[in-house]
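Enquirer: Take a look at this one; I'll ask things after.
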Amino acid sequence: MTTSSGSPPSAMSRRRTFLFAVAAGAAIGNLYWAQPLLSFIADDLRASTATAGWLVTTTQVGYALGVLLLVPLGDVLDRRRFVPVMVLTSAVVLLLCALAPSIGVLLLAVGMLGVTTISGQVLTPLAGDLAGDAQRGRVVGVIGSGTLTGILASRTLSGFVADAAGWRTVFALASVVAVLLAILLHRAIPPLAPRTRLRYPALLASVGAVVARERTVRWTLVLAATGFAAFTLLWTALTFLLSGPPFGYPVRVIGLFGLVGLAGALAVQHAGRLHDLGWSLPATGTAWLLALGAFALATFAGRSVVLVIVVIIVCDVALQGQGILNRARLFAVSDEARSRLNTALGVGNFIGGAIGSAAATALWSVGGWTAVTITGAGLCCFALCVWALGSRGPLVVRTTGTGRGMTAVDPTGAGR
C-alpha cells in the first residue's frame, strides 16, 4: 500500500490554522476548568474537598477513554461532520456541568465531558492531512501551541470568572464558546473522504498494530510519555511550592503562573518548522538538554520567584518543543493512520502525565522540591539516552520516495 502525496499547502490557510488552534485549545481547556475551583465547588455542593478532588481525576480518565475509543474514528469518518458533532456534544455536557445539583451528578458530568472533549485530538491529525509535506511541521506546531495555551489559560480564566460570577458560570460560558466553535468548524473543514475503511473493532486493533510494527512509533512514544511525565511533575510540584513557605501565594496568584507558561507556548509554536527543515532529531536532543538545564536550575529556585519563572519558561519551551517534534515525526510515518497514531500518542501521554503527577505528590512528601527536581533531571537523562540511541536508527522515519518525510506504511499490516 502506498501513501498519497498529501494535500496542497494552501489547504491549511493561516485563518484555518488559527481556528484549529483555538478550537483545540478550547477543547483541552475543558479538562482543567474545575482544577483551581475545587474548594468553591465543594462548599457550594456541600461536599468534602477530598470528594471534589475526584473531579479532576474523573475528567482525565474520561478523556483517556475518549482518546482511545473515539479519536481513531477520525480515520474512517467524514471529519467535517464528526468534529462539529463532538464539539456540540461537549457543549451539552458543559451545560449539564453548570446545572449539576449535586457532587455525584457533577462527577458523572465531568466524566462525560472528558470523553466528549476530544475534538482537538482529531483536529491535529486533520491539519496534518490538509497541510502539505513542506508545511506540516509548522502547522502542527501552531496547533500544538494552541493546545498548550488552552491548558495553561483555562486554569487562570476559571479562577477569575468563578470569583466574579460563580463556578457554574465558567462551565456555562465554555458551553457557549463550544457552540460557536462547532459552527465555525463546520464551515471551515472541507469535505474529505475517509482515510481508510475498517470496521470499528479492526480500527481499534490497528492502533496497537501500527505501534507494534513500527519501531519509530514505539521509540517516539517513549520520548513523548517521558516529556509529559516531566511536564506534569513540574506543574504539580509548583502548586505545592508556591502555596507553601516561603511564598505562600493564594490560588488566584498561583493561577497567574500559568500565564508565564504561555510565553513558552508562544515560543514553541514555530518548533514544527525545524521538522520541516529536516532538523527534527537534532532539535529534539537540544530540547532535552535545555530541559535538563532547567531542572538543574530548579534546584536553586526553592526560594526565588525569579528563578521559578525562568524555570517555567525554559521547561515549557523545551518539553513542549520536543512534544511538537514527536507529533510531527509520528505524522510522517503514515498518511492513512494519523488519527490512530495520535490516539497512541494521547494514551501514552496520559500514562506519562499520570505517573508524573503521582510522582510529584509522593516525592514532595518524601524530599520536597529537591526530590522533585532531581527526579526531573533523571527523566531528562533517560530521555537523552533514548534520543542518543534512537538517532542511530529507531527514531529515523523511513523514506521510500512517496513524499518528503513519508514512509509507505500499511498500519493494519494487510499486504505484508
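Enquirer: Just how large is the dipole of segment 200-405 about the Cα centre, in debye to the nearest 20, putting +1 at every Lys and Arg Cβ and -1 at every Asp and Glu Cβ?
Expert: It comes to approximately 280 debye.
Enquirer: Continuing with the same structure: For segment 7-195, with only Lys/Arg (+1) and Asp/Glu (-1) charged at the beta-carbon, what is the dipole magnitude about the Cα centre, in debye rounded to 20?
Expert: 520
Enquirer: Arranged from highest to lowest average of other beta-carbon atoms within 10 Å per residue, in what order do the peptides 239-248, 126-135, 14-23, 386-395 appear?
Expert: 126-135, 14-23, 386-395, 239-248
Enquirer: What distance in nm separates the two pseudo spin-label positions at residue 374 and residue 388, each 7 Å out from Cα along the beta-carbon direction?
Expert: Inter-label distance under the simple model: 2.2 nm.
Enquirer: Would you mind calculating the relative contact order of the chain from Cα pairs under 8 angstrom and at least 6 residues apart, reporting the percent as a whole number?
Expert: 25
Enquirer: Would you please classify the overall shape of the chain from the alpha carbon gyration tensor, given that a ≥ b ≥ c denote the square roots of the eigenvalues, rounded means a/c under 1.5, and beyond that prolate means a/b larger than b/c while oblate covers the rest?
Expert: Oblate, because a/c is 1.5 or more while a/b does not exceed b/c.
Enquirer: Go through 311-319, 40-48, 336-344, 110-118 and give me the packing order, highest mean Cβ count within 10 Å leading.
Expert: Top to bottom by mean Cβ count within 10 Å: 336-344, 110-118, 311-319, 40-48.
Enquirer: In deg cm²/dmol, rounded to 500, what helix-only [θ] at 222 nm does the chain give when every DSSP H run of at least 4 residues adds -39500 (n - 2.57) and the total is split over its residues?
Expert: -25500 deg cm²/dmol
Enquirer: For residue 192 and residue 396, compute 0.36 nm times the residue count separating them, minus their Cα-Cα distance, and round to one decimal in nm.
Expert: 70.5 nm
Enquirer: Which helices pass in the chain if a helix is a full DSSP H run, must span at least 15 angstrom along its long axis by Cα, and must have mean Kyte-Doolittle hydropathy not below 1.6?
Expert: Span-like helices here: 79-99, 103-116, 167-188, 251-267, 305-331.
Enquirer: Would you be so kind as to identify which of 152, 291, 118 lies farthest towards the positive end of the dipole of the chain, taking Lys and Arg as +1 and Asp and Glu as -1 on Cβ and the Cα centre as origin?
Expert: 118
Enquirer: Placing +1 at every Lys and Arg Cβ and -1 at every Asp and Glu Cβ, with all other atoms neutral, what dipole size does the chain have around its Cα centre, in debye to the nearest 20?
Expert: 820
We did not get these values from a lab; they are worked out from the coordinates using the rules stated. What you are looking at is a predicted structure, and each value in this text was computed from that prediction instead of being measured. Counting neighbours? That spans all protein chains shown, and the Cβs are built from the backbone with ideal geometry, glycine included.
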